[in-house]
Amino acid sequence: MVDTLLMYPAGREPYTMEIRVLGISGSPIPGGNVETFMQQMLQGVSRQGVVTEALHLSQLEVQDCVHCNFCLRKQEPGKYCSRKDDGQMIFEKIESADVLLLATPVYFMRTSARMASLIDRLRVFVFGNQVGGKLKNKIGVSAAVAWARNAGFETTHLTHILAFMTLEMLPVSVHHCVSPLGASAVASPGGTGLFDKSIRLGVEHDDLGRHSAQAMMNRAAELAMLIRQGSAR
């Protein structure tokens with residue numbers, strides 16, 4: 001596979017500025033399939049010029065948005081939201097990232113409750129009097145782990161993609177993957193939905209999932225470079 005990080009538009013010099021990639025896992029299970037899949041994605045794009053970081057909602061507290069509208073008029077440096085939890089730390093890391101990767105298990109054909117709570121809280125970047133619009137033109141990548149091959153990948157990816165679009169971000173798409181909407185991996189053997197008690201991390205055996213992970217992350221890094229190059233002109 002050609003490494004898209006080494007591909008540049010004709011006549012342009014190779015990109016040298018740092019690209020920052022932040023991955024956020026919405027799984028409640030530490031060290032499970034979703035966190036493993038996301039780590040594979042981050043490792044696959046970790047190279048010169050790209051810095052990655054991972055956050056796991058299984059280890060953090062993110063309360064629900066209560067629609068208090070604090071963010072519309074009362075934001076100040078160090079306080080984007082009225083809720084007292086790990087949200088501020090997460091928001092600061094998201095704001096400083098060039099690429100945001102949202103990874104989730106597929107629950108009832110949709111993203112997890114933990115991820116949904118975080119997405120709802122991202123309204124601080126839509127209406128915020130300090131950080132409204134700060135995610136515009138950043139790159140968004142969706143990742144999902146399902147139990148079976150046809151068990152809700154695309155409806156789950158759409159949850160993330162609609163959030164990216166609401167934030168005026170640029171969602172990543174690659175057509176030669178399990179789904180063109182995001183990185184998609186299965187946890188059951190071959191995506192059959194059958195249980196094998198000898199396999200704990202099924203994503204480690206999913207070659208198609210690993211391919212989609214690498215393709216999506218390469219494309220995300222390529223787009224981030226192009227955005228940075230354009231803004232530097």
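The values are calculated or read from the model by the stated rules, or taken from the named source; none is laboratory data. Predicted model, so just to flag it, every value in this text is computed and none were measured. Heads up, the Cβs are rebuilt from the backbone with ideal geometry, glycines too, and the neighbour counts pull from every protein chain shown.
Quick notes on this structure:
- Picking from residues in the stretch 205-218 that are among the charged types (D, E, K, R) and over 12 Å from Met41 (Cα atoms), the one that is surrounded by the most Cβ atoms within 10 Å (Cβ to Cβ) is Asp206.
To keep it simple, each residue is scored yes or no on (1) of a type outside the set (Phe, Trp, Tyr); (2) touching an Asp or Glu at 6+ places or on another chain (Cβ under 6 Å); (3) crowded, with 20+ Cβ neighbours inside 10 Å.
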{"position": "Lys134", "(1), (2), (3)": "yes, yes, no"}
{"position": "Ile139", "(1), (2), (3)": "yes, no, yes"}
{"position": "Ala144", "(1), (2), (3)": "yes, no, yes"}
{"position": "Phe164", "(1), (2), (3)": "no, no, yes"}
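- Any chance Arg114 is basic (Lys, Arg), crowded, with 17+ Cβ neighbours inside 10 Å, in contact (Cβ under 8 Å) with a residue 12 or more places away in the chain and within 30 Å of Met17 (Cβ to Cβ): no
- Residue check for His67: touching an Asp or Glu at 6+ places or on another chain (Cβ under 7 Å) and of a type outside the set (Phe, Trp, Tyr): no
- Leading residue by the ranking (farthest from Ala213 (Cα to Cα)) among those in the stretch 101-134 that are in a strand (DSSP E or B) and in contact with a helix residue (DSSP H, G or I) (Cβ under 6 Å, 6 or more places away or on another chain): Arg110
- Residue selected from the stretch 39-65 under the condition in contact (Cβ under 8 Å) with a residue 12 or more places away in the chain, out of contact with any Gly (no Cβ under 9 Å at 6 or more places or on another chain) and in a helix (DSSP H, G or I), by the criterion farthest from Val141 (Cα to Cα): Gln59
- Here His157 qualifies as closer than 25 Å to Ile19 by Cα, touching a Gly at 6+ places or on another chain (Cβ under 7 Å) and not hydrophobic (A, V, I, L, M, F, W, C).
- Residue check: Asp120 meets all listed conditions (1) surrounded by 16 or more Cβ atoms within 10 Å (Cβ to Cβ); (2) touching a Cys at 6+ places or on another chain (Cβ under 8 Å) but one, namely (1).
- Test: residue in the stretch 177-189 that is part of a helix (DSSP H, G or I), at pLDDT below 95 and over 17 Å from Ser27 (Cα atoms): yes
- Any hit, the stretch 88-99, residues being in a strand (DSSP E or B) and surrounded by 16 or more Cβ atoms within 10 Å (Cβ to Cβ): yes
- Residue-level analysis places Gly202 outside the set of residues that are modelled with pLDDT under 95 and in contact with a Lys or Arg (Cβ under 9 Å, 6 or more places away or on another chain).
- In the stretch 30-63, residue farthest from Ser96 (Cα to Cα) [restricted to those that are at pLDDT 95 or above and exposed (fewer than 13 other Cβ atoms within 10 Å of the Cβ)]: Pro30
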